[in-house]
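Below is one structure, written out as C-alpha cells, with a few remarks after it.
Nothing in this text is a laboratory measurement; each read-out follows from the coordinates by a stated rule. Everything numeric here is computed off the predicted structure, so don't read it as measured data. Note that we place each Cβ from the backbone using ideal geometry, even for glycine, and neighbour counts take in every protein chain shown.
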Amino acid sequence: MLLLRYDTKKTCPGDPSATMPDSSLLIVVVLLATTVVLVGLLKWLRLPAIFAYLLTGVLLGPHALALVPDLERTRQLAEFGVVFLMFSIGLEFSPAQFMAMRRLVFGMGSLQVLASLLLFLAIATFLGLGWRSGIIVGGILAMSSTAMVARVLSEKMETASRHGRIAISILLFQDLAVVPLLVLIPALAGDRAALPAALALAALKAAVILLVLLVLGRPIVRPWFQLVAQRKSSELFMLNVLFVTLGLAWITEAAGLSLALGAFVAGMLIAETAYRYQVEADIAAFRDILLGLFFITIGMLVDLHQILADFPEILVILVAILVIKGIVVWASCRLFAFEQGVALRTALVLAQAGEFGFVLLSLANQFRLLPAAVLQPLLGAMLLSLVLAPIFLEHNGWIAQRLVRSYRRGRERSLRAIRSLQLKEHVILCGYGRVGQSIARVLEEEGIPYLALDLDPSRVRQAQSAGESIFFGDASRRDVLQASGLAEARALVVTFGDVATSRRVLAVASELQPRLPLLARAHDDSQIAALEAAGADEVVPEVTEGALMLASQTLLQLGFPLSQILRRVRRFREERYRVFRGSFWGGSEPGEDQGSPRLLSVSLGDTGWAIGKTLAELNLPALGVQVTALRRQGIRGRDPADTMRLRADDVLVIFGDPKSLQAAQQWLLEGPDAGAFVTQNRE
C-alpha cells in the first residue's frame, strides 16, 4: 500500500487522486494482477470470465479499495472493447443465414424485444421514472447474454435443438436491436422540445450513412483486402483491419452517431470477403482484452454500500427481470406454435440480463439519463441475474420436465419409440450430419443395422420420412443411450465435430458399457489424446485421412501402379492406426491372403497358465506375435508394458500370422503343456 500511495506530485488530502499515483503503468499492473487471479479462480469454479472483470472493477474502483481511479481516458479506451464486439457481431451477420432463419429472427426476435421494452417502459412510467428513463430501462433489460448463452448451448449440444435454435435467433435480433438503441440514447439526451426532430435526424443520419457505407464499401473493401493480402505481410493485414474498423467508427462518430455503429458496418463489409475468419482470429485478442476492460469500468460503477442499502429493491428488480422476460419469451414461443416444454426451456435460457445491456447502461450513464437511485439497484439486479444464469442454462431441461407434464411425456414417448426397434448387434451413430450419413450408407450396404441419434429436428424429420433409422435424442444422456440398445450394440461411433461434445458422449458410453468399441471423429492429431482419454478406442483425424487420400491421388496421377499405392496406404494406416494393425477375422476373408497377419483375442479366464506372470516372462515376441492391447475389468489399455502382470479374466489382443497366433494362444492358456507345437514355432 505504501508503494501504491507514493506520488511525486503534491495532492490535497481530500483529492481522490491522492490514493493512487499518476502512473498509467502501475494502474495497468494492478488491473492485470487482479484480473489474472480472479479469471483463474472463476474458471476453476466454471463461471464466465465476465464475472472476473466485473468483480475486478468493483474491488479496485472508487467505491471500494479506490486503487484505480475512475479516469476518463480509461473509459474512453474501454469503449473500444464495445467497438470490437460490434465488429465481431457484424462479421457474423450473414444475409443468407438471416434469410434462412428470418421467421424466428425477425418474427419472434422482434416480438420479444418490443414486448419486453414496452412492459418495462410501462412499469418504469408507473413508478414515476419518466418515459425517457423507461425506454432506456426497457432497452437495457430486453437484452440477454449472447456470449454466455451461446457458449453453454454449444457445450450442452443444444444449439441445434428447438429451444436452442429459438434462443440463438432471438439473440441475433437482440444484437441487431442494439444498433438503433445506440442511436436513440444520445438523441434522448437532447432538448425535450427538439426530441422528435433529433430522433428523426438521428434516424436519417443512420440510414444515409449505412446506405453510403454499404453501397460504396462493398465494391471497395473486397479488392482492397485482396491487394493487402497479396503483400503477404501479417503486420500489414492486421494494420489494415484496424484501419478499416476504426476508420468507419470515426466516420459514424463524426456524423453524431456511435463508434459501435461504424464498427458493425465494417464487420458486415468484411464478412462478405474471403478473409472473414482470418480477420475474426486476428482481432480476437484486441476484442477480448478491451472488452474485459469495458466490463471492469462497469464494475467500477458499483457502489457496494449503496447496493447493500438497496438490496430489497435489487431483489424485486431481479424477480421482475426473470419473470417478465421469461413470460415474454414463453408467450412468444407459444404464439409461434411451439409446445410448452420448448417455450419454458427457451424462457429459462434467455431470462438473464446481457452484456449489451451493460453497454447501453454505460452509454445512458454517460449522458446522465438514469438517476443514481435507479442506476445502482438496476446494475445490482443485472449482475445477480448473470450469477443465476448458469443454473438456468445448465438445468433448463430438468426444470421443464418437472414443471411441464406433457413435455416429460413427450420425451418418454421418444425413448419408447427408440426402444421399440429392439435392435441387436447394431451400430449406434451419434450425430447424423454428412459424416454420420456416409457411415450409415456403408453400414447399410454391408447389411449391418444401425441407429442414429441427432438433435437437429429438421434433419431427423427428413431422414425419418425417407425411412432411415434415426431418432431425435441427446447422445450424451444416459437414458437415451440405454434406450438405443447400448448393451446390445456392436459399436458406437461419435461423428460430432466438437471435441467437448464428443468427450461427453464417450465418457457416458464408456461408463455404461466399458467393453463396447468406441470410435470418434477428430479434426486433427491435436484432439486425439483428449478423445482417447474420454474413452475412445480409436480416433480418426480428418486432416490425416485427407492428406493420405490426396497423396494417393498424387501418386496415381504420377503414374504409380495402383497396387503399389494401396500397399503404401495400408502400411501407413497400420503404422498410424492401432485398429489397422491387422483385424479380427471370421471363417474366411475373400480377396485376402489367408496367411496374412491378423488380430486375435485370448481370454485367460481363471485357469490360464499365464495368470500371475509378466509379459516379459511370457516372451511372446519369440513366438512371432505382438501384444497390441490388454482389456481388464472392461477397461482397454493399448500397448501394455512388459512389466504388466496378468490377472484372471484378462483379455490379451495379440497380432501375428495364423500359425504364430495359434502357438501363442496355446502358450498363454496351457504353458509347457502346449508341447512341441510351441517349441517348433519358437524355433
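Observations, loosely collected:
- Between the amide H of Ala189 and any residue lying 5 or more places away or on another chain, no distance stays under 5 Å, with hydrogens modeled in the peptide plane.
- Packing-based ranking of 36-44, 528-536 yields 528-536, 36-44, ordered from highest to lowest mean Cβ neighbour count within 10 Å.
- 3J(HN,Hα) from dihedral phi, the stretch 267-276, Karplus parametrisation 6.51/-1.76/1.60, rounded to Hz, x for glycine, proline: x, 4, 5, 6, 4, 8, 9, 7, 9, 4
- Computed extension length for Arg461-Arg102: 127.2 nm, one decimal, from 0.36 nm per residue of separation with the Cα-Cα distance subtracted.
- Residue-by-residue Karplus 3J(HN,Hα) for the stretch 621-630, coefficients 6.51, -1.76, 1.60, Hz, glycine and proline x: x, 5, 8, x, 10, 10, 7, 9, 7, 9
- Taking the average, over residues, of other Cβ atoms within 10 Å as the packing measure, peptides 332-341, 196-205 rank 332-341, 196-205 from highest down.
- The GluC sites (Glu not before Pro) of the stretch 433-495 meeting both criteria, a DSSP state outside H, G, I, E and B (loop) and at most 10 other C-beta atoms within 10 angstrom of the site's C-beta, are Glu446.
- R0 of 60 Å, Cβ-Cβ distance Ser406-Leu204: FRET efficiency to nearest 0.05: 0.75
- Taking 0.36 nm per residue of sequence separation and removing the Cα-Cα distance, the Asp288/Ser110 pair yields an extension gain of 61.2 nm.
- Amide H contacts under 5 Å for Tyr450, placed H, 5+ residues apart: Val427
- Debye, to nearest 20: dipole size of the stretch 158-242, +1 on Lys, Arg Cβ, -1 on Asp, Glu Cβ: 280 debye
- Cβ-based net charge around Ala507, under 13 Å, with every Lys or Arg adding one and every Asp or Glu removing one: +2
- Each Cα pair under 8 Å and six or more residues apart adds its separation to the average, and for the stretch 23-402 the resulting relative contact order is 29 percent.
- Couplings for the stretch 547-555, taken from phi via the Karplus curve 6.51 cos²θ - 1.76 cosθ + 1.60 with θ = phi - 60°, read 5, 5, 5, 5, 5, 4, 5, 5, 4 Hz in order; Gly and Pro are left as x.
- Extending 7 Å from Cα along the Cβ direction at Val28 and again at Trp224 yields two label points whose distance is 2.9 nm.
- Label separation (Gln422 vs Phe243): 7.2 nm, computed from points 7 Å beyond Cα along the C-beta direction.
- Label-to-label distance, Ala122 versus Asp642, with points set 7 angstrom from Cα along the beta-carbon direction: 8.2 nm.
- Glu253/Ala147 FRET efficiency (R0 25 Å; Cβ-Cβ; nearest 0.05): 0.50
- You can think of it this way: the chain between Leu214 and Gln482 has 91.1 nm of extra reach, that is 0.36 nm per residue less the Cα-Cα gap.
- Summarising the amide proton neighbourhood of His523: residues at separation of 5 or more, or on other chains, whose placed amide H is nearer than 5 Å comprise Glu542.
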